[in-house]
Amino acid sequence: MINQEKPKAYWKENIRIVLILLAIWFLVSFGAGIIFKEALNEVKIGGFKLGFWFAQQGSMYVFVVLIFVYVRLMNKLDKKYGYDE
Amino acid sequence: MMNNALLIEAIGVQNWTYILVGLTFTLYIGIAIWSRAGSTKDFYVAGGGVSPLANGMATAADWMSAASFISMAGIISFAGYDGAVYLMGWTGGYVLLALLLAPYLRKFGKFTVPDFIGDRYYSKIARIVAVFCALLVSFTYVAGQMRGVGLVFSRFLEVDINTGVIIGMIIVLFYAVLGGMKGITYTQVAQYCVLIFAFMVPAIFISIQMTGNPIPQLGFGSELADGSGTYLLDKLDGLSTELGFSEYTEGSKSLIDVFAITLALMVGTAGLPHVIVRFFTVKRVKDARKSAGIALLLIVILYTTAPAVAVFARTNMIETVSNQPYANVPEWFKKWETTKLVVFNDKNDDGLVTYLSGDAFLKGDDGKFDFSKPNPNTENELYIDNDIMVLANPEIAQLPNWVIALVAAGALAAALSTAAGLLLVISSSVSHDLIKKMINPKISEKGELVAARLSAVVAVCVAGYFGINPPGFVAATVALAFGLAAASFFPAIILGIFYKRMNKEGAIAGMVVGITAMLLYMIKYKLGWFDDVLPDKSEWWFGISPEGFGTVAMVLNFIVSITIMKFTKAPPKEVQEIVENIRIPSGAGEATH
């Protein structure tokens, strides 16, 4: 590897993406579904108490979206650094 | 039309089951013959050229076991809100897998998880520890699957459980030994289709019946179809409190325990070798990322339906049996009574089924309910097994016979696909990690393939033995499998990728401490082998159950690894270069020895 800077910069951006997405991952599941469940349960959408909904439905939908967002962001990042194939 | 409908009814549940199970089994065997493995690469990683969609489907089938298909909705229907630990735990792990593990392990380009641990930590001891964990995790898991196969056979086809296990063994043996990873991958694709169809059809029917909404995920948050204007969930909350249970949407576990169990299951999922190994089968790093997304999407279809099924089944169940005269109970009740999945004892002799909270029967010495001993301390007269919520659900809702038979085919697909994936991990651990990498490195490609097939045969027989003679602690050890994976593999792999300076001393110490802590806690608080009686909940550390202790053991592993690493020397330069290399996605090439 001749250019030492390029992989480092790539790695830094990669870590940033991962940390942001994991923060959302934590917020919807452990946050909305567990820690703040009681408070959110005061709100009702249809027959669902919101905290209960996040724990048994919402967090899972967000998980799927997170992975596809990650795939998109990483494919873009790979292109930017010429690592795509 | 009329004649067709009559004909379909006349075939009967039993024959429908034979037809559907027979058709699906023929399909699996056909695929196995078409995709048999010719090389070790075919056998371990399906040739390395599986498309992200096929790999996503295979991963989903691999992941969703008999427990996901049969037991999960039932567990949720009794646990209410607390059931969320399984829903979030068993899906959230895929986010960790996609973001933190799969792309890097694919780039690393070896066949197995112990391969990564052994090479990254330049140590035979690390590899042996990893092989030991992989075998322990996979065997405990696979025994449960074989049992699941046997149960489905015995309940739906009225053969003996042991005969069922043996039929299941032969089928798995056939395509795992012949096809290796390649055969397993393509049968799993078919099995995913069978199992998801089988799970969704009854759920959609029942959702329409109860709420008029064909989408179960929305249905269980809708108003009842009876025109009362009451929300289904409010009704169930009401019924639950009336019968002395806690409110369905509230649950009864402590916050810290829910937190710990969810995290342990997530991290454990990401650390399970039979899941990780699936990402070695795709061509490029970007395919590994994408197929993790597809896999989770396909899993979430079932996992978001399960809590809906749980609510439908529980409401139906309470309404059908609670306070009804025993003489008038529906046919399904009698049928499942013979299998002891439903047990009734009219303690107060009033001829009515009294269903309240509390155990209806006392537990025997083996920790299981003894149905000859009604529990005098509660008024509850009814024992209902978790599994019945999915298995009997179509009958409770009076759905047509072919739907009932479909559930049997789906449950078998779920159990067989998971069993096959686990058996492959076991056989490659033995033939690749033990024989090729440690005992006889000079073994030829052909010899290794023979060894892989032989170890698959042995593994199927061992798994079958445990399926026929299940040790009493199987249920406990499946939970242990997640805790073990969380406590051992996950930190070692994460640190191996994200912390270049992590060395073998740190990683080995961390894994050993993590596993030991997990095992000891489990033995003390789950199996109760250290004391005469099982210690009470109040003695749990920080109020965390054995199921959630994987989280504590994992944190312990991280702390020990990093501390030991600080006092020992950095890994050699080549290893640091491996780490730099796996962080760059391009040039993944093909998996090699």
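So if I place +1 on the C-beta of Lys and Arg and -1 on the C-beta of Asp and Glu, and nothing else carries charge, what would the dipole magnitude of chain B be about its Cα centre? I want it in debye, nearest 20.
The calculation lands at about 3520 debye.
Counting alpha carbon pairs within less than 8 Å and at least 6 residues apart, what relative contact order, in whole percent, applies to region A:16-80? Spell out each step's value before the answer.
Numbers: 48 pairs, mean separation 22.0, N = 65.
Over region A:16-80, the number comes to 34 percent.
Going by alpha carbons, how many degrees (0 to 90, nearest 10) lie between the helix axis of B:232-242 and the longest principal axis of chain B?
Roughly 70 degrees between the two axes.
Over chain B, what percent of the accessible surface lies on carbon and sulfur atoms, probe 1.4 Å?
On the way: 13370 of 21100 Å².
Taking all protein chains in place, chain B shows 63 percent carbon and sulfur surface.
Would you work out the relative contact order for chain B, in percent, from Cα pairs under 8 angstrom that are 6 or more residues apart? Intermediate values should be presented prior to the final figure.
Details: 1074 pairs, mean separation 166.9, N = 593.
Averaging sequence separation for qualifying contacts and normalising by length gives 28 percent for chain B.
Modelled label-to-label distance, B:L519 and A:I20, 7 Å Cα→beta-carbon offset: nm?
My value for the distance between the label points is 4.4 nm.
With each pseudo-label sitting 7 Å past Cα toward Cβ, what's the B:K124-B:I559 distance in nm, one decimal?
The two pseudo-label positions are separated by 3.4 nm.
Accessible area of region A:36-85 with a 1.4 Å probe: how many percent of it is carbon plus sulfur? Before the final figure, lay out each step's value.
Details: 1600 of 2380 Å².
Solvent-exposed carbon and sulfur of region A:36-85 make up 67 percent of the total.
Output the relative contact order of region B:112-256, whole-number percent, from Cα pairs under 8 angstrom with separation of 6+ residues.
On the way: 101 pairs, mean separation 11.3, N = 145.
Normalised by residue count, the contact order of region B:112-256 is 8 percent.
Which angle from 0 to 90°, rounded to the nearest 10, does the C-alpha axis of helix B:2-34 make with the longest principal axis of chain B?
Relative to chain B, helix B:2-34 is tipped by roughly 10 degrees.
Using a Förster distance of 56 angstrom, determine the FRET efficiency expected from the C-beta separation of B:K335 and B:I439, and round it to 0.05. Can you show the working numbers first?
On the way: r = 52 Å, r/R0 = 0.94.
Result of the calculation: an efficiency of 0.60.
Which sequence of B:F259, B:F220, B:F542 reflects their accessible areas, 1.4 Å probe, from the largest down? All intermediate terms of the calculation are to be shown ahead of the outcome.
Details: B:F259 55, B:F220 0, B:F542 140 Å².
Correct descending sequence by accessible area is B:F542, B:F259, B:F220.
Estimate the FRET efficiency between B:D226 and B:N15 by the formula 1/(1 + (r/R0)^6), using the beta-carbon distance for r and 41 Å for R0, to the nearest 0.05. All intermediate terms of the calculation are to be shown ahead of the outcome.
Values: r = 35 Å, r/R0 = 0.85.
E(calc), rounded to 0.05, equals 0.75.
Return one number: the angle in degrees, 0 to 90 and rounded to the nearest 10, between the long axis of the Cα atoms of helix B:255-271 and the longest principal axis of the Cα atoms of chain B.
50 degrees
Can you tell which of B:M57, B:G351, B:G118 lies farthest toward the positive end of the dipole of chain B, using +1 and -1 charges on the Cβ of basic and acidic side chains (Lys, Arg; Asp, Glu)?
About the Cα centre, the residue reaching furthest to the positive side is B:G118.
Need one word for region B:15-108: rounded, prolate or oblate. Basis is the Cα gyration tensor (sqrt eigenvalues a ≥ b ≥ c); a/c below 1.5 gives rounded, then a/b vs b/c decides.
It comes out oblate by the Cα gyration axes.
Which number do you get for Rg(Cα) / (2.2 N^0.38 Å) in region B:424-537?
1.36
At a probe radius of 1.4 Å, figure out the B/A buried accessible area, summed over both chains, and give it in Å² to the nearest 100. The partial results should precede the final answer.
Working: alone 23130 and 6730 Å², together 25560 Å².
Buried surface at the B/A interface: approximately 4300 Å².
How many Å² of accessible area per residue for the protein assembly as shown, probe 1.4 Å? The partial results should precede the final answer.
Values: 25560 Å² over 678 residues.
Ligands and nucleic acids excluded, the result is 38 Å² per residue.
Given Cβ point charges of +1 (Lys, Arg) and -1 (Asp, Glu) and nothing else, what value in debye, to the nearest 20, does the dipole of region A:16-80 about its Cα centre take?
Working: 8 positive and 3 negative charges, 70 e Å.
Result for region A:16-80 is approximately 340 debye, rounded to the nearest 20.
The values are calculated or read from the model by the stated rules, or taken from the named source; none is laboratory data. If you're wondering where the values come from, they're calculated on a predicted model, not measured in any experiment. Cβ: placed from backbone, ideal geometry, glycine included. Neighbour counts: every protein chain shown. For the accessible areas, the whole protein counts, side chains as well, though only heavy atoms, and no ligand, DNA or RNA atoms are used. Shrake-Rupley method; radii C 1.70, N 1.55, O 1.52, S 1.80 Å.
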